[in-house]
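The values are calculated or read from the model by the stated rules, or taken from the named source; none is laboratory data. Everything quoted here is computed from the prediction, not taken from an experiment. Note that we place each Cβ from the backbone using ideal geometry, even for glycine, and neighbour counts take in every protein chain shown. The area values use the complete protein model at the heavy-atom level, side chains included, leaving out ligands, DNA and RNA. Shrake-Rupley method; radii C 1.70, N 1.55, O 1.52, S 1.80 Å.
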Amino acid sequence: MKKTFDVIVIGGGPAGMMAAITAAMNGAKVALFEKNKRLGKKLLMTGGGRCNVTNNRPVDDLIVHIPGNGRFLYSTFSQFDNQDVMRFFSERGVALKEEDHGRIFPVSDKSATIVNTLKEELENLSVALFFKEPIEKIITDGVIVQGVRTTEGDYFAKSVVVTTGGITYPSTGSQGDGYRLSKSLGHHVTPLYPTESPIFLTNDFVAAKTLQGLSLQDIKLSVVDESNKLVASHEMDLLFTHFGISGPAALRCSSFVNQLLRTQKTATLVLDCFPDRTSDELMDEIIDYSATSSKQLKNALTGFLPERLLLYFLTTLGISEQTFAQTSKEQLTAFISYCKDWSLSANKTFGLEKSFVTGGGVELKEINPKELASKKIPGLYFAGEVLDVNGYTGGYNITTAFCTGYVAGTHAAYHAFT
């Protein structure tokens, strides 16, 4: 007996669940295959287990926060956007709340609230759920999609949606299956790299553990190329670790670091501890400290910077033991240069297996942006992180997953009935 559906969805993450729901809402008979024993395993981990379900910024602002080919999503967001994501969950009884930077969470502070809501919707729509049944191949006749082959046999459908995620956190099942399946059908996969990842530094203070555990608030971290041209810049918090730097500013710069490291051995980051003040303003402020000129410089400048960072700068300049009165204006200028323009050298980030998001993916030139359909083989659709699209943390990647899932599921259902 043939196991036949209208739409088959591969992968039970946010994109896959939304694609299956949307296809079923459009009248399709849908099967969802998840190789884990439950849905949304990675989704349960997001937002520290609270699930940052979307972000409440305007669409143009969403695109800015999706630096990996965000412009490709304009067509997707014109059909289903972050406001629709919030409406989807609100209409199903999930109370949402907004936190800093527009981040939206369930009031329950539990990722399970989101996953369970999606699972209930799948069940209400009679979507057939297949667990622990990995997809071996997508079946075609060389012209159109015909279904999928699993370890248990063949399943047939006119539309197949690939929503297998990237290759970050492989323990959740994100092991690159979608890239393998896409390549087997003639699609190109762009180079994969970690994004939203802590950064390793080669500077001397790392091995010496001088700054380990130190956190800085509202600094500006920039990435510059070999010609000192600005590549990216973020004003956020930063944390020094035993290997380098982490925290929001580092995570946001990491994808740009990795792109530079493809062609050079190290990448330069520039740290500005006082992004809201000029060097001249800082000099005026320091001169105000001259009332304590008989004190050692490190004591006179107490409170100007966190103690360990202050001492590191002064020690590096060889002026930590002298008094304020003994310090020349040139030495103070050099100190301010460290405060405003401190170069850090990065040689790698965490690998894909320990990073939050995969950069790279199925080549977007081969995908119709309106339908998220393959230009190479009719009946094949893509959604979520398997695409060459990546955003910053803060709800942007989950928004991309839900919205592309909605669009791919909708058009997969339309195609099944043509």
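Considering only protein heavy atoms and a probe of 1.4 Å, how much of the accessible area of the chain is carbon and sulfur, as a whole percent? After summing per-atom areas, the C and S share lands at 50 percent. Here the scattering of region 274-418 is modelled by Debye summation over its C-alpha atoms, one equal scatterer each and no solvent; at q = 0.11, 0.16, 0.18, 0.22 Å⁻¹ the log10 of I(q)/I(0) is -0.63, -0.85, -0.98, -1.26.
Within the chain, antiparallel bridges make up roughly 75 percent of the DSSP beta bridges whose residues both belong there. Note on K340: accessible area is roughly 40 Å² with a 1.4 Å probe, heavy atoms of protein only. Test of understanding: in a Gaussian network model of the chain with alpha carbons linked when under 10 Å, which of H101, H187, H65 would top the mean-square fluctuation ranking? The residue that fluctuates most here is H101.
Taken along its three principal axes, the alpha carbon spread of region 65-122 comes to 32, 29, 17 Å, from the longest extent down to the shortest. For region 106-124 versus region 1-61, the inter-centroid distance based on Cα atoms is 11 Å.
When the square roots of the Cα gyration tensor eigenvalues are ordered a ≥ b ≥ c, the ratio a/c for region 307-378 is 1.5 or more and a/b exceeds b/c, which makes its shape prolate. How big is Rg to Rh over region 179-252, alpha-carbon atoms, Rh as the Kirkwood inverse-mean-distance radius? With Rh from the inverse mean 1/r over Cα pairs, Rg/Rh is 1.15. Using R0 = 51 Å, the C-beta based FRET efficiency linking T151 and D276 works out to 0.30. If you sort K329, K348 by accessible surface, 1.4 Å probe, largest first, the order is K329, K348. DSSP assigns beta bridges within region 1-110; of those with both partners inside it, close to 55 percent run antiparallel. Placing D141, D109 in order of accessible area, with the largest value first and a 1.4 Å probe, yields D141, D109. In a fully extended conformation the segment linking E99 and N124 would gain 5.9 nm over its present Cα-Cα distance, using 0.36 nm per residue. The packing ranking, built from the mean of other Cβ atoms within 10 Å per residue, places the peptides 226-233, 129-136, 159-166, 115-122 in the order 159-166, 115-122, 129-136, 226-233, highest first. Under 5 Å from the amide H of L344 lie the amide H atoms of L269, V270, L271, each residue being 5 or more positions distant or on a separate chain, with H modelled from the backbone and absent for Pro and chain starts. Packing, as the average of other Cβ atoms within 10 Å across residues, places the peptides 252-265, 204-217 in the order 252-265, 204-217, highest first. Averaged over its residues, region 33-107 has an accessible area of 46 Å² per residue, based on protein heavy atoms and a 1.4 Å probe.
In the chain, the DSSP-assigned H stretches of four residues or longer account for a calculated mean residue ellipticity at 222 nm of -9000 deg cm²/dmol, using -39500 (n - 2.57) per stretch and the full residue count as denominator. Using the Cβ-Cβ distance between K365 and E226 with R0 set to 30 Å, the FRET efficiency from 1/(1 + (r/R0)^6) comes to roughly 0.60. Summary of the geometry: region 346-418 and region 63-83, compared by the centres of their Cα atoms, lie 11 Å apart.
With a Förster radius of 45 Å applied to the beta-carbon distance between Y414 and L311, the computed FRET efficiency rounds to 0.10. The GNM of the chain, with springs linking C-alpha atoms under 10 angstrom apart, assigns the highest mean-square fluctuation among V407, V64, V127 to V64.
Holding the Cα-Cα limit at 19 Å, pick out from K183/K376; K265/K348; K41/K110; K229/K365 the pairs that are longer than that. Violating the 19 Å limit, Cα to Cα: K229/K365. Counted over region 3-125 with a bin width of 5 Å, the fraction of Cα pairs per bin, in whole percents, is 2, 10, 18, 21, 21, 16, 8, 2, 0, 0. If only the Cβ of Lys and Arg carry +1 and only the Cβ of Asp and Glu carry -1, the dipole of the chain around its Cα centre is close to 1480 debye.
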